[in-house]
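Undergrad: This is the structure, below, for whatever I ask next.
The values are calculated or read from the model by the stated rules, or taken from the named source; none is laboratory data. Predicted model, so just to flag it, every value in this text is computed and none were measured. In this analysis, Cβ positions are derived from the backbone assuming ideal geometry, glycine residues included, and neighbour counts consider all displayed protein chains. When the accessible area is computed, the model is the full protein with side chains, heavy atoms only, and any ligands, DNA or RNA have been set aside. Shrake-Rupley method; radii C 1.70, N 1.55, O 1.52, S 1.80 Å.
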Amino acid sequence: MALLSFVFFFVFLLIGIPISFSLILAGIFATLFGTSVPLMIAPQMMVKGVNSFPVMAIPFFILAGNIMTRGGISKRLVRFAYSVVGAITGGLAMVSILASMFFAAISGSSPATAAAIGSIMIPPMEEKGYDRKYSAAVIAAAGTIGIVIPPSIPMVVYGVNAEVSIAGLFLGGIFPGILMGVALMVLNYYFSKREGYVGEGSFSFKEFFVSFVDAFPALLMPIIILGGIYSGVFTPTESAIVASAYGLIIGKFVYRELRWKDLFKVTEDSAKSTANILMLIAAAMFFGWFLASEQVPQRIGSLVLSITENPYLILLLFNVVLLIAGMFLDSIACIVLITPIFLPIMRSLNINPLVVGIVMTINLAIGQVTPPVGLNLFVVSSIAKIKFDDIVKPILPFIVALIVVVLMVTYIPAIASYLPSLLGYM
């Protein structure tokens, strides 16, 4: 029946039914045909899936990111990034990557990061002679950092499902996110040298200081979020609410670019995104309950351990499964479906669940730029006004660089675990 449920799921996907409804229908059909359990279990498990205080962080982080995007934050972050790395070879692409890292600490979303930075940086990059396809690839790849550097919506979902500290996950994502940015910058430097993409101007301490002061309220946001969490002033969920309020104050009264009439659109967009994510969580909770009732995680775990108990090979398999799943499924659906299958295996091998969550998040971030369903590719190709196919070839080297990073984090877990262990979250 477990196999039949997956057959139903993929059939529903192939005929164009959204992922969340495909999960619900697959669970219902499999329950009807293979068990005597009443269907009342479906709404009960779906409600249980979203009836969680930590889950409340998701709509508020989405709202905070949308408010900051509308409030003139992105262009100030770009200006500050320009003052830092604009003079380096491939300067505008370097600016795009660094600005994406800054914006990642605000938005918690890969597509939002790619859209915000891409809309600002692609036109000037093209004016300076950058190939439009290359520009789009750089920004799409840099957008993946959006869900690794905290705050991160997928980390919230993983923390709820795996019962792992969300605050610890946020800390664990800092070094891997920075490492992703550095890897993309190194690769960009190589390509820029080869293609003759020069730096822009020279470093100016005055411009650095002025742009830093202008961007400081935006840069302060992640400090408020993380500082409040780790000082014990508020929980991750409460920090999301504080972030929304802070973003509103900054956008409306400091930068004065957020208008009252914009709030309706911001709220509407946030509500739509929240509904999609919560529907996925609810549906995956029901489908996951069915798989658990059929003992699928235990059977898969036994099968994997019967083949090999080598933790290095199992971690490699874990990465391969996530990379493939990320090519076809939404990151939230992947987390809710894959976590109950692989987490027991990892626990049996004494692999820390927090590190597993960081590795999973990076893999699914890479899924945002892998065809055929890489959301960042669709977002950036639309901004750059190029075909989806045009961005596939130039993005491949950046995907390889990001895979190298995820393997480093996988096999050198201290990259993810050092900060959480330092502050007592492990």
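Matching residues to (1) open to solvent by 10 Å² or more (accessible area, probe 1.4 Å); (2) aliphatic (A, V, I, L, M); (3) in contact with a Cys (Cβ under 6 Å, 6 or more places away or on another chain); (4) closer than 30 Å to residue 241 by Cα:
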site	(1), (2), (3), (4)
98	yes, yes, no, yes
101	yes, yes, no, yes
114	no, yes, no, yes
117	no, yes, no, yes
138	no, yes, no, no
143	no, no, no, yes
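Residues checked against (1) of a type in the set (S, T, N, Q); (2) under 19 Å from the mean Cα position of the chain (by Cα):
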| residue | (1), (2) |
| --- | --- |
| 341 | no, no |
| 360 | no, yes |
| 375 | no, yes |
| 386 | no, no |
| 390 | no, no |
| 421 | yes, no |
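For (1) of a type outside the set (Val, Ile, Thr); (2) farther than 23 Å from residue 182 by Cα, each residue gets a yes or a no:
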position	(1), (2)
308	no, yes
334	yes, yes
345	no, yes
357	yes, no
391	no, no
394	yes, no
404	no, no
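Undergrad: With the structure loaded, tell me whether residue 78 is over 22 Å from the mean Cα position of the chain (by Cα), under 30 Å from residue 256 (Cβ atoms), of a type outside the set (D, E, K, R) and buried (at least 21 other Cβ atoms within 10 Å of the Cβ) or whether it fails that test.
TA: no
Undergrad: Residues that are more than 30 Å from residue 77 (Cα to Cα) and of a type outside the set (A, V, I, L, M, F, W, C): does region 268-291 have at least one?
TA: Yes, some residue in region 268-291 is more than 30 Å from residue 77 (Cα to Cα) and of a type outside the set (A, V, I, L, M, F, W, C).
Undergrad: Can you name the number of the only condition in (1) within 13 Å of residue 380 (Cβ to Cβ); (2) touching a Pro at 6+ places or on another chain (Cβ under 9 Å); (3) open to solvent by less than 10 Å² (accessible area, probe 1.4 Å) that residue 133 fails?
TA: Only one criterion in (1) within 13 Å of residue 380 (Cβ to Cβ); (2) touching a Pro at 6+ places or on another chain (Cβ under 9 Å); (3) open to solvent by less than 10 Å² (accessible area, probe 1.4 Å) is unmet by residue 133, namely (3).
Undergrad: Same structure, new question: Restricting attention to region 1-29, and to residues there that are at pLDDT below 80 and of a type in the set (Gly, Ala, Ser), which single residue is farthest from residue 276 (Cα to Cα)?
TA: Ranking the candidates gives 2 first.
Undergrad: Could you list, in sequence order, the residues of region 250-266 that are part of a helix (DSSP H, G or I) and either under 29 Å from residue 168 (Cβ atoms) or of a type in the set (Asp, Glu) (or both)?
TA: 250, 262
Undergrad: Tell me, which residue of region 202-225 that is of a type in the set (Gly, Ala, Ser) and farther than 21 Å from residue 151 by Cβ is least open to solvent (accessible area, probe 1.4 Å)?
TA: Step by step, filter region 202-225, then rank; the result is 211.
Undergrad: Only residues that are surrounded by 17 or more Cβ atoms within 10 Å (Cβ to Cβ) and β-branched (Val, Ile, Thr): list them for region 226-273, please.
TA: Selection gives 229, 235, 237, 241, 242, 250, 266.
Undergrad: Quick check: is even one residue across region 23-39 open to solvent by less than 10 Å² (accessible area, probe 1.4 Å), over 27 Å from residue 159 (Cβ atoms) and touching a residue at least 40 places away in the same chain (Cβ under 8 Å)?
TA: There is at least one residue in region 23-39 that is open to solvent by less than 10 Å² (accessible area, probe 1.4 Å), over 27 Å from residue 159 (Cβ atoms) and touching a residue at least 40 places away in the same chain (Cβ under 8 Å).
Undergrad: Next question. Within region 175-183, is there a residue that is open to solvent by less than 40 Å² (accessible area, probe 1.4 Å), more than 19 Å from residue 108 (Cα to Cα) and in a helix (DSSP H, G or I)?
TA: The answer is yes, given that some residue of region 175-183 is open to solvent by less than 40 Å² (accessible area, probe 1.4 Å), more than 19 Å from residue 108 (Cα to Cα) and in a helix (DSSP H, G or I).
Condition check ((1) of a type in the set (A, V, I, L, M, F, W, C); (2) crowded, with 23+ Cβ neighbours inside 10 Å) across all residues:
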position: 328; (1), (2): yes, no
position: 335; (1), (2): yes, yes
position: 356; (1), (2): yes, yes
position: 363; (1), (2): no, yes
position: 368; (1), (2): no, yes
position: 372; (1), (2): no, no
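Undergrad: Return the only residue of 210, 160, 164 being under 28 Å from the mean Cα position of the chain (by Cα), modelled with pLDDT under 95, among the aliphatic types (A, V, I, L, M) and part of a helix (DSSP H, G or I).
TA: 160
Undergrad: Also, I was wondering about something else. Restricted to region 12-22, and to residues that are in a helix (DSSP H, G or I) and open to solvent by less than 70 Å² (accessible area, probe 1.4 Å), which residue is farthest from residue 240 (Cα to Cα)?
TA: Per the stated criteria, the residue is 12.
Undergrad: Here's another thing I want to ask about it. Among the residues of region 357-370, are any touching a residue at least 12 places away in the same chain (Cβ under 8 Å), farther than 30 Å from residue 133 by Cβ and not hydrophobic (A, V, I, L, M, F, W, C)?
TA: Within region 357-370, one or more residues are touching a residue at least 12 places away in the same chain (Cβ under 8 Å), farther than 30 Å from residue 133 by Cβ and not hydrophobic (A, V, I, L, M, F, W, C).
Undergrad: Against the condition buried (at least 16 other Cβ atoms within 10 Å of the Cβ) and more than 24 Å from residue 418 (Cα to Cα), how does residue 194 come out, does it pass?
TA: no
Undergrad: For region 379-389, which positions are assigned to a helix (DSSP H, G or I) and surrounded by fewer than 16 Cβ atoms within 10 Å (Cβ to Cβ)?
TA: Across region 379-389, the qualifying residues are 382, 388, 389.
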